[in-house]
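Inspection log for the structure reproduced underneath, given as structure tokens.
Any read-out appearing in this document is the output of simple, stated calculations on the displayed coordinates, not a laboratory observation. Remember, predicted model here, so these are calculated numbers, not experimental data. Here the Cβ positions follow ideal geometry from the backbone for every residue, glycine too, while neighbour counts run over all protein chains shown.
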Amino acid sequence: MAAPLPLPALHATHAGIWVAAGREVREASRGEAIARLAETPHIILNAPLVGQRLGYADVSGLDLLELFAFVHPARFAVPTVSGLARACGVEPPPGDREAAATLVAIAQALLDRLGDDWPEREGAWTANASLTRLGWSWAPLVGRTLAMPERGERMLFSRLPQWEEAGERPQPRAVSIPPADAEARLSELTGKGSEPREGQRAMAAGSAAIFAPRRAENEPNMLLAEAGTGIGKTLAYLAPASLWADRAQGTVWVSTFTKALQRQLDAEGKKLFPNVAERNRRIVIRKGRENYLCLLNLEDAMQGAFAGRAAVLAQLVGRWAAYSKDGDMVGGDLPGWLPSLFRRAGAAALTDRRGECVYAGCPHYRKCFIERAERAGREADLVIANHALVMVNAARGRPDAPSRIIFDEGHHLFDAADSTFSAALTGQEAIEMRRWIVGPEGKSRGRRRGLAARLLDVCSYDEAGAQALDNAVEAARTLPSEGWLVRLAEGEPFGPLEGLLSEVRGTVYARAKAQEAGYGLETELAEPDGNLVTAAAAAMESLEALAKPLAALGRRLEAVLEDAPDWLDGPARARVEGAIGGLAWRRETLAAWIALLGRVGGVADPDFVDWLAIDRVEGREYDVGFHRHWLDPTRPFARTVLEPAHGVLVTSATLRGSDGWPSAEERTGALHLGNPVGHFEAASPFDYAAQAEVLIVTDIGRNDIAALAGAYARLIESAEGGTLGLFTAIQRLRGVHARIADRLARAGLPLLAQHVDPIDTGTLVDIFRDDPHASLLGTDALRDGVDVPGESLRLVVMERVPWPRPTVLHAARKLASGGSAFDDRVVRARLAQAFGRLIRRQGDRGLFVILSSALPSRLLDAFPPEVTVSRVPLDRALDRVRAKLFGVSRVEPAETVQ
């Protein structure tokens, strides 16, 4: 047991600031708190958040979250005083005042653990030695307690397991799953004595049909299934999927749109395979490369490429890497709050976001998290992925493109396809192309990993390949480089691409609406002036000059593989194959850019929507360029993903919406298949009439931010927290939060907010879920990416009707899809998704409130037909909240509108 910590602690919330020193706890002013932190290190929790509460950006101290990440890497903890106390076996504090003293107790518990033989001990002493040299604030205290190991600790990279090569998996056997077998398997998964759910059993039986051998090429067995919330659709489709995977010896891909559902599916795996080792072998989570820790980047960072706070982050990520399940830095077992403690200090640089992987040329190739996940997925029964990865793998013809796919959250397929099959020729995209070919330039940190560095040995062997590479590097130097935005603003572009972007910028500012000032600006690519046409022609010539040597280089690399020299061993072959794949991807991108520029001054392609845009955040430009989207992105989706598949299930609680199956077929690509698809529907088992209520508040002015803030505060107070507030604009969200956060905190009702709190969205939801008195304000990402059952979510409040933004793309689709009926369909879907956050389990109850009288009655069919919808003034709404949640009512209910 270490000696009691002689250090003070500081706890800051919207309700006040408290300092604990010894046994004394007292309230402090903001000025005193800032002065104390500058003079003496205090134990704090989440330094960026404390700094925001104090209005002082550079808060430093002994951050407990950093210590927890050091002691228990890859362990989950809610990053609040109560959450961390529970994770450390300390009694949670009853209030904010007591929380200051609890911070000291948590620190003591964590430091005491260092004196024991705890599970994550290996590597701690070595890491702390490095952190001591970096000046980490906890290092001296850790060093006093953590004893030097008797034997030298293994280096991080020697502790990571290696993946093994395996032969190609045979084609799955042609088997069918009888519906009765699927139902029997479901019974096994739900367990004896579980309450039978007819909808779940029916869905399990119906889903079995997609696993039958398909009848003809490009005609997958496809089922669209609308399963209301509470049906238990996850186990309903996992039952036949797991049976087919076992009997056919094949892999089923389950694709989601949100990380929350990926985590839920991973948790359901315990029912399929209770044994941990078997579960890890048979269920694999797959994501895009940019989600995983790159070990080569980590090595660079730990050996000096990072400095200051970024170097501390690298050491803590190194601790995590040794204990991580899969190396997933985004939504995996790396605490979402850890990178946010360091703001922008290096987290993104630890992943492969630029496609600079050297594959088998990397010294850590055999231990690479990305390669391990990819290989594990080939042998797995179930691969849990996301819509984007499934589409990208199919579009690029990857060998692991799935043949049996289950798309959960299927109402997002249209948007996912819209993003995947689009093209953007912008300054940022062009810079990424340049970096991939040329490598880091100027003051860029890290090892040079341009195309020449990755293919040095190959090109020294092949003279024609070396010449093609030199030509490609030279041509790539005409692409935009660092500082391009400044040059555009000053009217001094360099090279044909920057010249084109300068013309784009001028056109957008000339044509965009004045009221869009402060936000992104855009205008149609129509009636371009002569300067823009001339600049596009010059830029297209430059891109063609780049595409030719890249194509030649690709052919030379393929020739090297066909007539392999003696020195081309397995790792070198893998590296060349990786370069060929990367070249094919970039050549496809260049082809899309050239096609887009060919449209400037020419005839528009009716299949596409093209526009010019300046991307801005709060008036600050960060990108400029052209954009091209399919008018109907489900067409390429159907061609590249659905047609090659053998069986596809698309499911969602809101798949049909209020427009029926034709709309569902249109939004999922089923309309473009040559064969008919199946339909399944099961209504939610919830008693919405008893569990939920919808209120439309009629007396809040549309642009009255003070009245809006007052309404939010009074509603949250009436519900005693547990409120999810949804906004259509970040500016209004911030305005409301600024007016009510202190008031609510003083009432013991914490208020969290996206785009305000320096915390990632996933962590905000974790905190919200953990505290039934907390409330959370957010935008689109929270409308259907939140699963918070029980008392923690009992009131959903929308500040206005979620009409779609009138963008160029939306206007084109609206014109092609029925005018205002298209807008209505979008709003109904958003309302249904938002309402779906409210009732997640049997026994949940709550209210859905819209603070706008402008909601047309024709859109009310977005809600379940049995739910009561009332138009009421705010006072009446407050009374209904109290009556529904706590059984306290003072006035008669209003007349309903349905």
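With R₀ fixed at 35 Å, the C-beta to C-beta distance from R714 to A38 puts the FRET efficiency at about 0.35. Other residues within the sphere of radius under 9 Å centred on the Cβ of L189, judged by their own Cβ, net out at 0 (K and R +1, D and E -1). Counting only DSSP beta bridges with both residues in the chain, the antiparallel share comes to about 35 percent.
A full extension of the chain between S419 and E219 corresponds to an added length of 69.5 nm, given 0.36 nm per residue minus the alpha carbon distance. Placing a pseudo-label 7 Å from each Cα along the Cα-to-Cβ vector at E150 and E524 gives an inter-label distance of 8.0 nm. Were the residues from E379 through Q303 laid out at 0.36 nm apart, the gain over their Cα-Cα distance would be 23.8 nm. When the label point is put 7 Å from the Cα of R511 along its Cα-to-beta-carbon vector, which residues of the range 557-599 have a backbone N closer than 20 Å? Within reach of a label on R511, which here means backbone N under 20 Å from a point 7 Å along Cα→Cβ, the range 557-599 contributes 593-599. Computed extension length for E122-E618: 173.9 nm, one decimal, from 0.36 nm per residue of separation with the Cα-Cα distance subtracted. Work out the FRET efficiency for R739 and A453 from their Cβ-Cβ distance, taking R0 = 41 Å, and round it to the nearest 0.05. Calculated transfer efficiency: 0.15. Using a simple spin-label model with pseudo-atoms 7 Å out from Cα toward Cβ, R159 and A348 lie 3.0 nm apart. Computed over neighbours whose Cβ is under 12 Å from that of A604, the net charge equals -3, Lys and Arg +1, Asp and Glu -1. Ordering P606, Q315, L54 by Cα displacement along the dipole of the chain toward the positive end leaves L54 in first place; charges were set at the Cβ atoms of Lys, Arg (+1) and Asp, Glu (-1). Ranking S137, G660, A205 by how far each Cα lies toward the positive end of the dipole of the chain (charges on Cβ) leaves S137 at the top.
The simple Förster model, with R0 at 45 Å and r as the Cβ-Cβ distance, assigns S857 and A277 a FRET efficiency of 0.20. Could you state the number of Å between the C-alpha centres of the range 659-703 and the range 504-570? So the two Cα centres are separated by 40 Å. Highest mean packing first, where packing is the average number of other Cβ atoms within 10 Å per residue, the peptides 589-602, 72-85 line up as 72-85, 589-602. Sorting the segments 146-152, 113-119, 581-587 by their residues' average number of neighbouring beta-carbon atoms within 10 angstrom, most packed first, yields 581-587, 113-119, 146-152.
In the set [x] 28.9; [y] 32.6; [z] 30.0, the label that goes with Kirkwood radius over Cα pairs in Å computed for this structure is [z]. Go through the range 624-630 residue by residue and turn each phi into a ³J(HN,Hα) via Karplus (6.51, -1.76, 1.60, θ = phi - 60°); whole Hz please, and just put x for glycine and proline. For the range 624-630, the Karplus curve yields 9, x, 9, 9, 9, 10, 5 Hz.
Applying both filters, DSSP loop and at most 16 other Cβ atoms within 10 Å, to the chymotrypsin sites (Phe, Trp or Tyr not before Pro) of the range 297-347 gives Y323. If you take the Cα centroid of the range 100-178 and the Cα centroid of the range 599-640, the two points sit 45 Å apart. Lysine pairs in the chain whose alpha-carbon atoms fall under 15 angstrom of each other, counting only those eight or more residues apart or on distinct chains, come to 5.
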